[in-house]
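Everything below concerns the one structure shown next.
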Amino acid sequence: MKHIKLNNSNLQELSDRVAIPQYNRENIKSGIVHVGVGGFHRAHQAMYLDQLLHEESNANWGICGVALLDFDQKIYNTLHTQDGLYTLVVKELDGSLTKRVMGSIVDYLYAPANPKAVIEKMASPEVKIISLTITEGGYNLNEATGKFNFDNPQIIHDSQNPESPKTIFGYLTQALQLRKENNSGPCTILSCDNIEGNGDVTKGMLVSYIQFAQPDLLEWMEANVSFPNSMVDRITPATMPSDCSHLLETSGIEDQWPVVCESFQQWVIEDNFIAGRPPLETVGVQFVKDVEPFEKMKLGLLNAGHSVVGILGSLMGYTTIDEAISKPEIGKFLAIYLDNEVTPILHGLEGMDLPKYKKTLIERFSNTHIKDQIERICSETSAKIPKFILPTVHEQLKINGTVDYAAFVLAAWAVYSLGVNEKNEPITIKDALQETLLAQAQLAKENPAQFLTLEEVFGNLSQSARFCDAFTKSYRDIVSFGVKKCILEMNSNF
């Protein structure tokens, strides 16, 4: 089979091998600027827009992707070489593959090389939405105070060098200032990250920065920018070299960075778009007045569930989520946690079949064809725990509910943070707080509850005697008996 490089020139030549965009990409205008063009964005938001662009009336809703960080140069180079095209490979539960070339990213910019171009693009009158997937850690939130972290050196840099920012807040501020000066009209800033109340958080953090760096802009922003909350869901593991080679072998497509994902997809958005929006409801997106119950469900069940399986599985020496969840003791532990600690605090989910959703969740984690790496799931856990697990803990403590399973997971994370699993093998830890976590984990050897005093992760949780007691017991049990024996004992009570 002839090998064909993926780009605009070769697109029609691929049409007999794989589904391709059936619209003229030259006619598409980028009404959306998206910051953070990683695998998830390309499997989710960009996929929905690709479907939408097949209707000629939606030609103003293409995407301009922005690579914000130095680290993002590889994805920028890939998109530049491939004219924004990439192959989306959906791995079904039965192992079959659905492949499609996506064309909704019609422009792409590398911010570190040309910050002015990014600011001007965000300020363009044709741009109505600036959307974000910048990860949980990208919002510069101090978990201890719930406020903006003004001590971040990059934030200080942005306030002193507004024309060459490094953070999303610096870019947004300069873009909004330019929109104001040029009378470019209002716009919507849409967070698509796994944060409860992500739109509210985005607005709160941006307001804090503008008050600090450019207070004269605040009144205009309040009148001309909306921040809808949203909930996104689709498991998208990191692309492996084998994914590229398999695509080449089976379809003859030379794609430097295809995206693989599961078949499940969900996007729920608060309908609050000040400058108009694409008709995404026609391709399965759900618009609601209040997205909070859906966010809470997804963060507490899916995202927390991923962290639970990842932390326990990593300590036990497993490397992928499907491998770990296939162990009966881990699968049952997760099911009990979801049923008894998370579900009781979920409310207002009209139209949702929670038992079915949780059953589907286990099936999704168990997809042997996804091979989601535990190392990926456990990366930046210090930013994930406050968003995924601690809200459940705090609500259960308020109602005097059970916190034993959450306490066990956090105790396991304290042991995990020492960097060695139960097979005495090193654990690769990727976390902005890695050194701090290691220091706290060392202290926990003598007094386990010391781990909970890390306020930037746990806030004031160490002040709860009940939780500290449960955490301490779990920690000592894990060290004495190992994870498997402990969870078998816990599970035996159900």
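The values are calculated or read from the model by the stated rules, or taken from the named source; none is laboratory data. This one's a predicted model, so the numbers in the text were calculated from it and none came from an experiment. Every residue, glycine as well, gets a Cβ built from its backbone with ideal geometry; the counts of neighbours run over all protein chains shown. The protein model used for the area step is the full one, side chains on, heavy atoms only, and it has no ligands, DNA or RNA in it. Shrake-Rupley method; radii C 1.70, N 1.55, O 1.52, S 1.80 Å.
Side notes on the structure shown:
- Number of residues in region 36-56 that are open to solvent by less than 20 Å² (accessible area, probe 1.4 Å), of a type outside the set (Ser, Thr, Tyr) and part of a helix (DSSP H, G or I): the value is 9.
- Residues that are within 17 Å of the chain's Cα centre (by Cα) and closer than 16 Å to residue 190 by Cβ occur in region 233-256; there is at least one.
- Residues being assigned to a loop (DSSP other than H, G, I, E, B) and of a type in the set (A, V, I, L, M, F, W, C) - total across region 267-291: 5
Yes/no matrix, rows are residues, columns are (1) of a type in the set (A, V, I, L, M, F, W, C); (2) surrounded by fewer than 16 Cβ atoms within 10 Å (Cβ to Cβ); (3) within 25 Å of the chain's Cα centre (by Cα):
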{"site": "177", "(1), (2), (3)": "no, no, no"}
{"site": "183", "(1), (2), (3)": "no, yes, no"}
{"site": "195", "(1), (2), (3)": "yes, no, yes"}
{"site": "205", "(1), (2), (3)": "yes, no, yes"}
{"site": "211", "(1), (2), (3)": "no, yes, no"}
{"site": "215", "(1), (2), (3)": "no, yes, no"}
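- Long-range neighbours under 9 Å by Cβ, at least six apart or interchain, first residue under 13 Å from residue 170 (Cα atoms) within region 200-217, second open to solvent by 30 Å² or more (accessible area, probe 1.4 Å) and of a type in the set (Gly, Ala, Ser): 209/159; 212/159; 213/159; 214/159
- Residue match in region 342-356 (condition: within 21 Å of the chain's Cα centre (by Cα), basic (Lys, Arg) and under 21 Å from residue 263 (Cβ atoms)): no
- Comparison of 277, 234 shows that the only residue that is over 30 Å from residue 125 (Cβ atoms) and among the charged types (D, E, K, R) is 234.
- The lone criterion from (1) touching a strand residue (DSSP E or B) at 6+ places or on another chain (Cβ under 7 Å); (2) touching a residue at least 24 places away in the same chain (Cβ under 8 Å) left unmet by residue 38 is number (1).
- Within region 242-256, the residues that satisfy the criterion of being of a type outside the set (S, T, N, Q) and surrounded by fewer than 20 Cβ atoms within 10 Å (Cβ to Cβ) are 244, 246, 248, 249, 252, 254.
- From 149, 140, residue being polar (S, T, N, Q), touching a helix residue (DSSP H, G or I) at 6+ places or on another chain (Cβ under 8 Å), closer than 17 Å to residue 457 by Cα and open to solvent by less than 30 Å² (accessible area, probe 1.4 Å): 140
- Among all positions in region 157-174, there is no residue which is hydrophobic (A, V, I, L, M, F, W, C), open to solvent by 20 Å² or more (accessible area, probe 1.4 Å) and at pLDDT 95 or above.
- Condition met for residue 433 (surrounded by 21 or more Cβ atoms within 10 Å (Cβ to Cβ), without any contact (Cβ under 8 Å) to a residue 60 or more places away in the chain and within 25 Å of the chain's Cα centre (by Cα)): no
- Answer residue from region 316-368, given it is surrounded by 15 or more Cβ atoms within 10 Å (Cβ to Cβ) and in contact with a strand residue (DSSP E or B) (Cβ under 9 Å, 6 or more places away or on another chain) and is nearest to residue 394 (Cα to Cα) among those: 321
- Answer residue from region 67-107, given it is modelled with pLDDT of 95 or more and more than 30 Å from residue 364 (Cβ to Cβ) and is most open to solvent (accessible area, probe 1.4 Å) among those: 80
- Failed item in (1) over 21 Å from residue 184 (Cα atoms); (2) at pLDDT 95 or above, with residue 130 passing the rest: (1)
- 3 or more residues in contact with a Pro (Cβ under 9 Å, 6 or more places away or on another chain) and more than 26 Å from residue 293 (Cα to Cα): qualifying helices (runs of 4 or more DSSP H) within region 164-230: 168-182
- Residues in region 451-477 that are in contact with a Pro (Cβ under 9 Å, 6 or more places away or on another chain), crowded, with 21+ Cβ neighbours inside 10 Å and over 14 Å from residue 386 (Cβ atoms): 471, 474, 475.
- Failed item in (1) of a type in the set (A, V, I, L, M, F, W, C); (2) in contact (Cβ under 8 Å) with a residue 60 or more places away in the chain; (3) open to solvent by 10 Å² or more (accessible area, probe 1.4 Å); (4) within 22 Å of residue 127 (Cα to Cα), with residue 59 passing the rest: (2)
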